Each structure stands twice: as structure tokens, then as C-alpha cells.
1. So if I place +1 on the C-beta of Lys and Arg and -1 on the C-beta of Asp and Glu, and nothing else carries charge, what would the dipole magnitude of the chain be about its Cα centre? I want it in debye, nearest 20.
2. Accessible area per residue for the chain in Å², computed with a 1.4 Å probe and the full protein assembly in place, what is it?
3. Check which residues have an amide H placed less than 5 Å from S253's amide H, if you skip close sequence neighbours.
4. Given I38, V68, N48, which one lies farthest toward the positive end of the charge dipole of segment 1-90, if we put +1 on the Cβ of every Lys and Arg and -1 on the Cβ of every Asp and Glu?
5. From Cα pairs below 8 angstrom and at least 6 apart in sequence, can you work out the relative contact order of segment 174-304, rounded to a whole percent?
6. Whole number please: convex hull volume per residue of the Cα set in the chain, in Å³?
7. In sequence order, what are the phi-derived ³J(HN,Hα) couplings for segment 277-293 according to the Karplus relation 6.51 cos²θ - 1.76 cosθ + 1.60 with θ = phi - 60°, rounded to whole Hz, with x for glycine and proline?
8. Between segment 181-237 and segment 280-304, what's the alpha-carbon centroid distance in Å?
Amino acid sequence: MYSLIAKQEQAHEDSIWSCVWGGKSGADSSEHIITGSIDDTVKVWKWNNDKLTLRHTLEGHQLGIVSVDVNRQGTTAASSSLNSHIRLWDVEAGKPIKLIDAGPVDAWTVSFSPDSKFIASGSHTGKVNLYNVETGKRDTQLDTRGKFTLSIAYSPDGKYLACGAIDGIINIFDVTTEKLLHTLEGHAMPIRGLCFSPDSNILITASDDGHIKIYDVQHANLVGTLSGHGSWVLNVAFSPDNLHFASCSSDKSVKIWDSSTRQCIHTFPEHLDQVWCVRYNPTGTKLVSVSEDRAIHIYDCPLN
């Protein structure tokens, strides 16, 4: 049964734009959910026995949090704010590790590389900057030759990096050679979210045009266009089971899709305002969403 199993209302003092679900870490091996809000704070929540408890409130950003991510080990979190600062945090201790100043317009969303050694960040200039986690210095710059890069995702196998721009263009880079492999022009409006399937073969994109598009990564072919949301699609996340993915929208809903039939199999209508971000837990049995309504929702997603 798909169901809403936990709800944290007023989780932040303002809209929550980003969330991520980290793996088991720490002494009691509980999972962590990390949220970033326009109230300038990042919060670390412990998820244990179907209950959400606040562990840390991480302060230091001067402006609202645009995006959060966590490394594969679940030990280090990254957050980016509206003033282009990227901060690294020790998840367990709730302490800052490092500040990366990306320059006035050079950081938007952040994403850890699968090997946790780099953080990729899109920028207002369309360039994608890769920062070394160890040194905090910029290591590489990938040029999309395009517009403001709103969304970014690594393929789980570490081979590709995809980014979505404000004008609806998607670029896929080869991480090793740093070359631009494909430019996809499926959307005509901003791409606020994109993600790869766990096997790295499929790329899913979410756009303000209200559609979700599915691409075959290797051949850069469009294999499907899904409509079902009544407004902007703000984010997408693939389930670790490789069989389902989730989307969230300005229409206040979260939807679960079957990736083979490309049909919507469940809609969660519980949020009271637009839903900015959605993420699966490491096993794909649960899903977290965060919204303009300042609430965190957690859902049960049966694997079948």
C-alpha cells in the first residue's frame, strides 16, 4: 500500500526547497534526512522506527538554501545558498567542515560525484563547476555554452554528468574526457530537476512545461513524454529498484510512475502548496518530499 506514514509540519520557518535521504551512518546506524530551506538553515533529521527527529540545525548560510546533497557514505552533506556559497557539513557531528565560495553567480544546485570526491554545481553562466571535496578548490569547469544551469545529476556509474538549463536545454557530458556528448532539446521551458536510473541507462527530466521526458542516455533518444501533473514539474527521483520513479509539482502532488509502462501508479495529494523536491531512501521502500508549505512528508512505497 502506498501511504503517507509521517508528516513534520513547520519543519522550517520558510519554504523547503531541497531534501536528500542519506544512508545508514553513526552509532545507532539510523538513516538521515537532510533538508534545506529559504530560512537560511540546513536541518539534519534522524529517521528511525518510522519517526523523524531533529538532530542538528546547521547555520552559517546568509541566504536561503537552494540545494542539499549527501555523499554515498552518508557522512558528509553539501548545501548551496542563494549567495553562491557551498558548505560542507559533518552529518553525524552537525559541524561545518568547509566553505567553498563559488563567486557571485557561480553556484546553484549541488551534486556529489558517485565516488564522493567531487561536488558539481551549476551556475548562472551555464558553466558547470566541479569542486574537489578534499581541497575545496575548483578542479574542472564544463562549458554547456548555454544558459543558467538549474539542475544537475551524475549517473550512478560515474560516467556521465547531465545538466538542465533555464531555456529547456539538457546537456550530457562525459566525466572522464570532460567532453559534451549530447545536447537534448526536448523541453522549451526550465528544467528544474533531472536524474539517471540506477543502471545509468535512462535520464528523466522535469520541466516547467508540465512534462516529464525519458531519454536513452547512450543514443540520446527521447523514449517517452509523460504528462499527468497539472503544473510545473519541479523534481524527479528514480527508485533504487530501477522500476519506479517519483515526480513532484507545483500542482501540490507527488506522483509515482512505473518506468517500464510509463504509467502513473499512485498520486500523493497531501501537501498544501507546491512540492519542490522528492527523494527515495537507499532501498526504495520510502520516499520523502518537501514543500513550499514548510512540511516534510514521508511515504511508504511497496516494492513489488
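The values are calculated or read from the model by the stated rules, or taken from the named source; none is laboratory data. Given the structure is predicted, the values throughout are model-derived calculations rather than measurements. Glycine also receives a Cβ, built like all others from the backbone with ideal geometry; neighbour counts cover every protein chain displayed. We work out accessible area using only protein heavy atoms, side chains counted, and drop any ligands, DNA or RNA first. Shrake-Rupley method; radii C 1.70, N 1.55, O 1.52, S 1.80 Å.
1. For the chain, the charge dipole is close to 320 debye.
2. Per-residue accessible area for the chain comes out at 40 Å².
3. V275
4. Projecting each Cα onto the dipole axis, the largest value belongs to N48.
5. Relative contact order here is 15 percent.
6. Expressed per residue, the convex hull around the Cα atoms of the chain is 109 Å³.
7. 8, 9, 8, 8, 6, x, 9, x, 8, 9, 9, 10, 9, 10, 9, 4, 7
8. Measuring centre to centre over Cα atoms gives 20 Å.
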